[in-house]
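Down below is the structure, laid out as structure tokens.
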Amino acid sequence: MRQHRIAAIPADGIGPEVIAAGLEVLDALAARDGGFKLVVDHYDWGSDYYRKHGKFMPADAMAWLRTADAIYFGAVGDPDIPDDVTLWGLRLPICQGFDQYANVRPTRIFPGVSSPLAGVGPGDLDWLIIRENSEGEYAGHGGRAHRGLPEEVATETAIFTRRGVERIMRYAFEQARARPRKHLTVVTKSNAQRHGMVFWDEIAAMVSHDFKDVTWDKELVDAMTQRMVRRPQSIDTVVATNLHADILSDLAAALAGSLGIAPTGNVDPERRSPSMFEPIHGSAFDITGKGIANPVASFWTAAMMLEHLGEKQAAGTLMRAVETVCAAGVLTPDLGGKATTKEVTAAVCEALRGSNA
Ligand code: IPM
Ligand code: MG
């Protein structure tokens with residue numbers, strides 16, 4: 001039997017609720033499939049750990065994580081700790097430490113879920129956003145001087161390297177090639193940002209020569225927001241910088257019905273290190289503990305993780321079960337339903353046990 005080792009880091013807010021739901025569904029799936037087994041290591045890192053130990057994870061955390069085949073991450077963020085401290089304390093050190101340079105964000109409208117866009121339904125919006133995940137505007141390069149004085153200055157420098165841009169571009173073209181429509185939209189802001197963004201355009205043109213079977217176009221990020229709303233059918237795969245894709249993926253999730261559905265993978269395509277999979281929604285303290293967090297993002301995240309681990313068939317089975325449950329109207333309040341996290345989870349497990357998935 002194939003065995004995969006998963007490091008679970010539920011962390012903050014609704015993270016523990018949705019990761020527990022995801023692990024329950026993964027158990028039901030493994031039992032049904034019979035071909036693989038997951039061994040799960042649980043790590044209690046996050047903001048509570050920080051309050052006790054003064055850091056978000058222990059010094060040897062990366063060595064522990066390295067023993068895993070994949071990381072299943074909940075959310076990090078706490079109302080009492082500045083967001084930049086939580087982010088740079090847990091999530092970014094893992095993404096950057098393992099050089100998970102491709103952030104992969106699929107979006108589509110599930111049956112039973114309605115888009116805020118009039119007349120747009122399943123099939124009209126099926127996108128894959130590839131976000132550069134190792135540099136750009138999140139490089140952490142910059143500083144502040146003359147603090148508190150009138151002449152105070154702060155810089156936040158975006159870093160674009162040939163290696164960094166070329167590898168994400170190649171990855172994006174490969175992902176586009178693997179999808180039926182084989183189309184890539186390269187998003188930049190190269191009219192205003194004439195150094196880094198023109199560099200992106202040049203590298204896109206260069207890499208495209210190696211992907212003659214993929215069609216591609218360019219879009220400025222501001223125009224892209226309009227296109228996403230007005231012509232969602234014209235979009236397939238998208239590649240953009242760390243910050244641009246961060247913003248576009250929130251819009252994408254909202255257009256597909258809810259941030260409560262959207263998954264993401266922080267992927268090391270070269271597989272030198274474990275990749276990390278997480279729902280996009282974050283810690284959501286306003287609904288923490290209420291039992292109404294939407295577990296669908298966590299399920300889709302689990303399916304992405306399985307696919308990365310080579311369990312393509314099981315990933316497909318899981319997605320069909322989730323879509324069956326959504327189509328049947330078993331939805332949490334963010335999707336206009338009345339179901340709880342537990343009810344949605346039980347319905348997906350039930351669909352997996354039955355013959356209809
Ligand atoms: C995301 C989130 C994070 C990001 C936040 C929590 C810092 O918005 O994963 O999209 O900007 O990377
Ligand atoms: Mg975001």
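The values are calculated or read from the model by the stated rules, or taken from the named source; none is laboratory data. This structure is a prediction, so every number in the text was calculated from the model and none was measured. FYI the Cβ positions are ideal-geometry reconstructions off the backbone, even for glycines, and counts take in every protein chain you see.
Brief remarks on what is shown
- Matching residues in the range 76-85 - criterion: being closer than 10 Å to Gly282 by Cβ and either part of a loop (DSSP other than H, G, I, E, B) or more than 8 Å from ligand 1 (Cβ to nearest atom) (or both): Val76, Gly77
- Scan of the range 89-134 for residues that are charged (D, E, K, R) and surrounded by 22 or more Cβ atoms within 10 Å (Cβ to Cβ), ordered by number: Arg105, Arg131, Glu132
- Here Gly336 clears all of (1) of a type outside the set (Val, Ile, Thr); (2) buried (at least 22 other Cβ atoms within 10 Å of the Cβ); (3) away from ligand 1 (no atom under 16 Å from the Cβ) except the condition numbered (2).
- Pairs where the first residue, in the range 145-170, is on the phi > 0 side of the Ramachandran plot and part of a loop (DSSP other than H, G, I, E, B) and the second is surrounded by 10 or more Cβ atoms within 10 Å (Cβ to Cβ) and among the acidic types (Asp, Glu), C-beta under 6 Å, 6+ apart: His146/Glu152
- Every residue from the range 87-117 that is part of a helix (DSSP H, G or I) and either more than 15 Å from ligand 2 (Cβ to nearest atom) or of a type in the set (A, V, I, L, M, F, W, C) (or both): Leu87, Trp88, Gly89, Leu90, Leu92, Pro93, Ile94, Cys95, Gln96, Gly97
- When we screen Ala240, Ala205 for residues that are in the same structural domain as Ile159 (by TED's automatic domain parsing), more than 16 Å from ligand 2 (Cβ to nearest atom) and hydrophobic (A, V, I, L, M, F, W, C), the only hit is Ala205.
- Sole exception among (1) within 16 Å of ligand 2 (Cβ to nearest atom); (2) modelled with pLDDT under 95; (3) of a type outside the set (Asp, Glu) for Leu255, by number: (2)
- Matching entry among Ala28, Ala68, Ala20 (being away from ligand 1 (no atom under 16 Å from the Cβ) and in contact with a Cys (Cβ under 6 Å, 6 or more places away or on another chain)): Ala28
- Exclusive hit being within 15 Å of ligand 1 (Cβ to nearest atom), touching a residue at least 24 places away in the same chain (Cβ under 8 Å) and acidic (Asp, Glu), set Asp246, Asp268: Asp246
- Among the candidates Ile287, Ile280, Ile247, residue that is under 23 Å from Gln175 (Cα atoms), of a type in the set (Val, Ile, Thr) and assigned by TED's automatic domain parsing to the domain that holds Ile71: Ile280
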